[in-house]
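Trainee: Just passing along the structure, written as structure tokens.
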Amino acid sequence: MAAAEGKATLADSTAALAQYRAAGIAVLLVDLRGLGETADPAAFNDPKYYNREYRVAQLALHLGRPLLSQRVTDVQILLDWLTTQPHLAAAPVRALATGVAGPVALHAALLYPRITEVVLREAPPSYLHILENPTTKETYSWLLPGVLLHYDLPDLRRVLNVR
């Protein structure tokens, strides 16, 4: 599970966690890079840039390693860790993601078939949406330069539904 607000918001949902525990399902609450407890202090991000992660997102883009790709790497690290745990090594993985963590879950599920299901809440609709609505907030966090030359988020959803 990954939430744009961080894992603390999910951990507060004790009823949902109790249901998973009763069913014998392991739950991993993840703060992806720059989200939750690892978020950049708000004082460093001028609100005029429409993004609470402006500073780290811009730095990531300038370094040629967009924040979204770094977060997909975080998921890969987690999946690699799961293989080292005997009781979790063969377990299927279901990703639940909210907000800017949604595109991360879609990309990770496409790259790593071990993720058998993706559930999105309040996820960005598409990259095209940014072009049609340039003042949309929080878009730097999930940008991939040149992505629309190849695909859009609805394309990923379609491919994953087929799989």
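The values are calculated or read from the model by the stated rules, or taken from the named source; none is laboratory data. Predicted model, so just to flag it, every value in this text is computed and none were measured. Counting neighbours? That spans all protein chains shown, and the Cβs are built from the backbone with ideal geometry, glycine included. Heads up: the accessible areas ignore ligands, DNA and RNA and are worked out on the full protein's heavy atoms, side chains in. Shrake-Rupley method; radii C 1.70, N 1.55, O 1.52, S 1.80 Å.
Trainee: Can you confirm whether Val72 is open to solvent by less than 20 Å² (accessible area, probe 1.4 Å) and among the β-branched types (Val, Ile, Thr)? Full working, then the answer.
Mentor: Numbers: open to solvent by less than 20 Å² (accessible area, probe 1.4 Å): yes; among the β-branched types (Val, Ile, Thr): yes.
So Val72 fits the description; yes.
Trainee: Another question about this same structure. Anything in the range 35-46 that is part of a helix (DSSP H, G or I) and either in contact with a helix residue (DSSP H, G or I) (Cβ under 9 Å, 6 or more places away or on another chain) or of a type outside the set (A, V, I, L, M, F, W, C) (or both)? List them, or say none. Reasoning before the result, please.
Mentor: The initial filter retains those residues of the range 35-46 that are part of a helix (DSSP H, G or I), namely 36-38, 42-44.
Answer for the range 35-46, where residues must be part of a helix (DSSP H, G or I) and either in contact with a helix residue (DSSP H, G or I) (Cβ under 9 Å, 6 or more places away or on another chain) or of a type outside the set (A, V, I, L, M, F, W, C) (or both): Gly36, Glu37, Thr38, Phe44.
Trainee: Can I ask one more? Quick test for you: out of Ala39, Ala101, Ala60, pick the one residue that is within 16 Å of Thr139 (Cα to Cα), in contact with a Pro (Cβ under 6 Å, 6 or more places away or on another chain) and among the hydrophobic types (A, V, I, L, M, F, W, C).
Mentor: On the way: Ala39 fails: in contact with a Pro (Cβ under 6 Å, 6 or more places away or on another chain); Ala101 fails: in contact with a Pro (Cβ under 6 Å, 6 or more places away or on another chain).
Answer to the check: Ala60.
Trainee: Among the residues of the range 23-45, write down those that are free of Cβ contacts under 8 Å to residues at least 12 places away in the same chain and either crowded, with 20+ Cβ neighbours inside 10 Å or not β-branched (Val, Ile, Thr) (or both).
Mentor: Passing the criteria: Ala23, Gly24, Pro41, Ala42, Ala43, Phe44, Asn45.
Trainee: Here's another thing I want to ask about it. If a residue has to be open to solvent by less than 90 Å² (accessible area, probe 1.4 Å) and within 13 Å of Ser141 (Cα to Cα) to count, how many in the range 46-57 make the cut? Talk me through it step by step, then tell me what you get.
Mentor: The initial filter retains those residues of the range 46-57 that are open to solvent by less than 90 Å² (accessible area, probe 1.4 Å), namely 46, 49, 51, 53-54, 56-57.
From what's left, within 13 Å of Ser141 (Cα to Cα): 49, 51, 53-54, 56-57.
Total satisfying the criteria: 6.
Trainee: Quick one: in the range 132-155, of everything that is over 18 Å from Leu67 (Cα atoms) and in contact (Cβ under 8 Å) with a residue 12 or more places away in the chain, which residue is least open to solvent (accessible area, probe 1.4 Å)?
Mentor: Result: Pro154.
Trainee: Also, I was wondering about something else. Among the helices (runs of 4 or more DSSP H) lying completely within the range 47-163, list those that include at least 1 residues that are out of contact with any helix residue (DSSP H, G or I) (no Cβ under 6 Å at 6 or more places or on another chain), more than 20 Å from Leu32 (Cα to Cα) and of a type in the set (Lys, Arg). Working first, answer last.
Mentor: On the way: elements: 54-62, 67-83, 101-111, 128-132, 153-162.
Helices (runs of 4 or more DSSP H) meeting the threshold: 153-162.
Trainee: For Ala91, state whether it is modelled with pLDDT under 90 and open to solvent by less than 40 Å² (accessible area, probe 1.4 Å). It would help to see each step written out before you state the result.
Mentor: Numbers: modelled with pLDDT under 90: yes; open to solvent by less than 40 Å² (accessible area, probe 1.4 Å): yes.
Criteria met by Ala91.
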